[in-house]
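These notes are about the structure you will find just below.
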Ligand SMILES: [Zn+2]
């Protein structure tokens, strides 16, 4: 991913999975295994919610985000702890089989923590906070910090859920933590979210009515959902997730914010919930740093980066496979601060090796990735 592809090249691996050499051909070598397809480093799934894995096949497609959230909040607690834990474990195993080496994973609670701790996958946990009532800021922040402390996850951060679910004082409190690790936020996943942040009307008012949340304090009038928060953060590494309803004016605003921004595409989830794809060719033309995420099994049939690549390619056949693989490896590793360990075949590292068939239909893990420890 950090150099041009080598046709009939040779990757020399140590028994440990460490990259020993990359050679232009097999001249003079013995014991060379020959594979047909692309050899790529292990994938990085830049956006997932492992703790929602039990909601696979529980929610209806194409309802739009408001009814998706309403349904999700009703159903997520209708399962036993055992069912939730078992589904998270199966989902982790599926990601291993799909050649995923690292995951940026959202957590609202600690139910999936034990799965992440025992998994060979590298997890960065985003402890996600929500709260639209400005009165609750100190309590919400205390809870999030306590959760982070309990988890003892070295690689974790406290992050806002979305512009419409986090009050301005809460957003400011998160920004004030001045975290050195990456942050993330669900950005412009629906048209309704922009309308709500512009003039406090539309479908989201129904969401707050259903939850019995008073929004009379809310001062709308922002140009867009992005405009409501992006300047609260300064020089921060942030992944904007979804961006399905992000206008060219929002891209300009994001670029001006001075933050180190990554744009995560969760194509299958966007099709599931809003039945719309983000304008990926526009993002490419704008030179944005793109990554790939699966979102959760609540809005996806699989946790497979390769499935996401296939969906993007079906919608935009002109996008080169090299670009898609770069988003799925190199860029995701850079987002999670793992460029030294994952996302490319750097000598001496163990980024994992995936064999991807040329038609992109299947994948085989040739070598598993190995990274430094995640937890204390
Ligand atoms: Zn999400």
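The values are calculated or read from the model by the stated rules, or taken from the named source; none is laboratory data. Just so it is clear, the structure is predicted and the values come from calculations on it, not from any experiment. For neighbour counting, all protein chains shown are included, and Cβ atoms are generated from backbone atoms with ideal geometry for every residue, glycine included.
Residue under question is residue 308, and the condition is that it be within 16 Å of the ligand (Cβ to nearest atom) and part of a helix (DSSP H, G or I); does it hold? Walk me through it before giving the result.
Details: within 16 Å of the ligand (Cβ to nearest atom): yes; part of a helix (DSSP H, G or I): yes.
Yes.
Only residues that are at pLDDT below 95, outside any helix (DSSP H, G or I) and either more than 16 Å from the ligand (Cβ to nearest atom) or out of contact with any helix residue (DSSP H, G or I) (no Cβ under 7 Å at 6 or more places or on another chain) (or both): list them for segment 65-79, please.
Within segment 65-79, 77, 78 qualify.
Just name the residue that is farthest from the ligand (Cβ to nearest atom) out of those in segment 263-289 that are part of a loop (DSSP other than H, G, I, E, B) and farther than 26 Å from residue 62 by Cβ.
Taking the candidates together, the pick is 287.
Output the number of residues of segment 228-262 satisfying the condition of being under 19 Å from the mean Cα position of the chain (by Cα), under 30 Å from residue 310 (Cα atoms) and either within 14 Å of the ligand (Cβ to nearest atom) or in contact (Cβ under 8 Å) with a residue 40 or more places away in the chain (or both).
11
A quick yes/no check of all residues on (1) closer than 26 Å to residue 271 by Cα; (2) in a strand (DSSP E or B):
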{"site": "185", "(1), (2)": "yes, yes"}
{"site": "189", "(1), (2)": "yes, no"}
{"site": "195", "(1), (2)": "yes, no"}
{"site": "207", "(1), (2)": "yes, no"}
{"site": "222", "(1), (2)": "no, no"}
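Hey, among 178, 144, 151, which residue is within 18 Å of residue 240 (Cα to Cα) and under 23 Å from the mean Cα position of the chain (by Cα)?
Result: 178 is the single residue among 178, 144, 151 that is within 18 Å of residue 240 (Cα to Cα) and under 23 Å from the mean Cα position of the chain (by Cα).
Considering only residues that are over 13 Å from residue 120 (Cβ atoms) and either without any contact (Cβ under 8 Å) to a residue 24 or more places away in the chain or over 21 Å from the mean Cα position of the chain (by Cα) (or both), which ones fall in segment 361-376?
Once the filter is applied, which keeps residues that are over 13 Å from residue 120 (Cβ atoms) and either without any contact (Cβ under 8 Å) to a residue 24 or more places away in the chain or over 21 Å from the mean Cα position of the chain (by Cα) (or both), segment 361-376 yields 361, 362, 364, 366, 376.
Name the residue that is farthest from residue 154 (Cα to Cα), counting only residues in segment 328-376 that are assigned to a loop (DSSP other than H, G, I, E, B) and touching a helix residue (DSSP H, G or I) at 6+ places or on another chain (Cβ under 6 Å).
360
Test of understanding: among 39, 29, which residue is at pLDDT 95 or above, away from the ligand (no atom under 16 Å from the Cβ) and surrounded by fewer than 20 Cβ atoms within 10 Å (Cβ to Cβ)? Full working, then the answer.
Numbers: 29 fails: at pLDDT 95 or above.
None of the other options fit; the residue is 39.
How about segment 107-136: which of its residues are in contact (Cβ under 8 Å) with a residue 60 or more places away in the chain, away from the ligand (no atom under 16 Å from the Cβ) and not in a loop (DSSP other than H, G, I, E, B)?
115, 116, 117, 122, 134
From the list 275, 259, 243, pick out the single residue that is surrounded by fewer than 17 Cβ atoms within 10 Å (Cβ to Cβ), farther than 21 Å from residue 40 by Cα and at pLDDT 95 or above.
Criteria check complete, one pass: 275.
State all residues of segment 86-106 that are within 22 Å of residue 127 (Cβ to Cβ), out of contact with any helix residue (DSSP H, G or I) (no Cβ under 7 Å at 6 or more places or on another chain) and in a helix (DSSP H, G or I); if no residue qualifies, say none.
Residue satisfying the conditions is 95 alone.
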